[in-house]
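Engineer: Just passing along the structure, written as structure tokens.
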Amino acid sequence: MKKMFAWFSPGGILFILIGCLLFVFGFFIKNMSVEKSKKCTFETVAVVENIVDSYNYDNKRTHMPVYSYVYNGESFKANGPISQKIPNVNVGETVKFFIDPNDPTDYYCPKEEKGGNLVFIVIIIMGVAFGAAGIDSIRKEYQINTEKNF
């Protein structure tokens, strides 16, 4: 029985779709960081008041820095991201902080972004690798099917 499409490879198409999704997801993550840095324009300093340790659902230890800062004479506190990695800030440390003037509770801390570019690059590389594997699978399927027909 002759195949309708000589190039059709479900695995190849799946790999290409996964690759495209990873590629788009990588740029989406990077864009979120860039948007936040554009929006948060008022520069100030914050003090790392505490690092809250807790355990997640896997019973793995997590860490969350707590910052305090002043904007227009009013004191604010902000919780940093929860992570299993040890934060790259210490209690009592002063860090550069950028605040959204329209919403002083929205902040951007460049020190939290360390390693963010690495994550972006890894996701993009994974997307390209999945896409290339999918294209290679389709190429091989096409080659096998066209050889059978001749």
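The values are calculated or read from the model by the stated rules, or taken from the named source; none is laboratory data. This is a predicted model, so every value here is computed, not measured. FYI the Cβ positions are ideal-geometry reconstructions off the backbone, even for glycines, and counts take in every protein chain you see. To get the accessible areas, we keep the full protein, side chains included, count just its heavy atoms, and leave off ligands, DNA and RNA. Shrake-Rupley method; radii C 1.70, N 1.55, O 1.52, S 1.80 Å.
Engineer: Those residues that are of a type in the set (D, E, K, R) and either touching a His at 6+ places or on another chain (Cβ under 7 Å) or surrounded by 14 or more Cβ atoms within 10 Å (Cβ to Cβ) (or both), I need them from the stretch 123-150; list them, please.
Structural biologist: GLU141
Engineer: Hey, does the stretch 43-57 have a residue that's part of a loop (DSSP other than H, G, I, E, B) and in contact (Cβ under 8 Å) with a residue 12 or more places away in the chain?
Structural biologist: Yes, the stretch 43-57 contains at least one residue that is part of a loop (DSSP other than H, G, I, E, B) and in contact (Cβ under 8 Å) with a residue 12 or more places away in the chain.
Engineer: Taking the residues in the stretch 69-80 that are over 17 Å from PRO101 (Cβ atoms) and open to solvent by 30 Å² or more (accessible area, probe 1.4 Å) as candidates, determine which candidate is modelled with the lowest pLDDT.
Structural biologist: It comes out as ASN79.
Engineer: With the checklist (1) at pLDDT below 80; (2) open to solvent by less than 40 Å² (accessible area, probe 1.4 Å) in hand, flag the one item GLY11 doesn't pass.
Structural biologist: For GLY11, the failing item is (1).
Engineer: Given the condition surrounded by 11 or more Cβ atoms within 10 Å (Cβ to Cβ) and over 23 Å from the mean Cα position of the chain (by Cα), answer yes or no: does some residue in the stretch 105-122 qualify?
Structural biologist: no
Engineer: For the stretch 81-93, which residues satisfy the criterion of being surrounded by fewer than 12 Cβ atoms within 10 Å (Cβ to Cβ) and among the polar types (S, T, N, Q)?
Structural biologist: Listed by number, the residues that qualify are GLN84, ASN90.
Engineer: When you look at ASN50, is it on the phi > 0 side of the Ramachandran plot and open to solvent by 50 Å² or more (accessible area, probe 1.4 Å), yes or no?
Structural biologist: No, not satisfied.
Engineer: Considering the stretch 26-52 alone, what residues qualify as being at pLDDT below 85 and farther than 18 Å from PRO110 by Cβ?
Structural biologist: GLY26, PHE27, PHE28
Engineer: Is it fair to say THR41 is touching an Asp or Glu at 6+ places or on another chain (Cβ under 8 Å) and either open to solvent by less than 70 Å² (accessible area, probe 1.4 Å) or more than 25 Å from ILE123 (Cα to Cα) (or both)?
Structural biologist: For THR41, the condition - touching an Asp or Glu at 6+ places or on another chain (Cβ under 8 Å) and either open to solvent by less than 70 Å² (accessible area, probe 1.4 Å) or more than 25 Å from ILE123 (Cα to Cα) (or both) - is met.
Engineer: On to the next question. Could you check, for the stretch 79-97, whether at least one of its residues is charged (D, E, K, R), touching a residue at least 24 places away in the same chain (Cβ under 8 Å), farther than 20 Å from GLU49 by Cβ and touching a helix residue (DSSP H, G or I) at 6+ places or on another chain (Cβ under 8 Å)?
Structural biologist: Within the stretch 79-97, not a single residue is charged (D, E, K, R), touching a residue at least 24 places away in the same chain (Cβ under 8 Å), farther than 20 Å from GLU49 by Cβ and touching a helix residue (DSSP H, G or I) at 6+ places or on another chain (Cβ under 8 Å).
Engineer: While we're on this one: Name the pairs whose Cβ atoms lie under 8 Å apart, with the first residue in the stretch 133-147 and closer than 19 Å to ILE16 by Cα, the second loosely packed, with under 13 Cβ neighbours inside 10 Å and modelled with pLDDT of 80 or more, and 6 or more positions between them or separate chains?
Structural biologist: If the second residue must be loosely packed, with under 13 Cβ neighbours inside 10 Å and modelled with pLDDT of 80 or more, the pairs left are GLY134/GLY11; SER137/GLY11.
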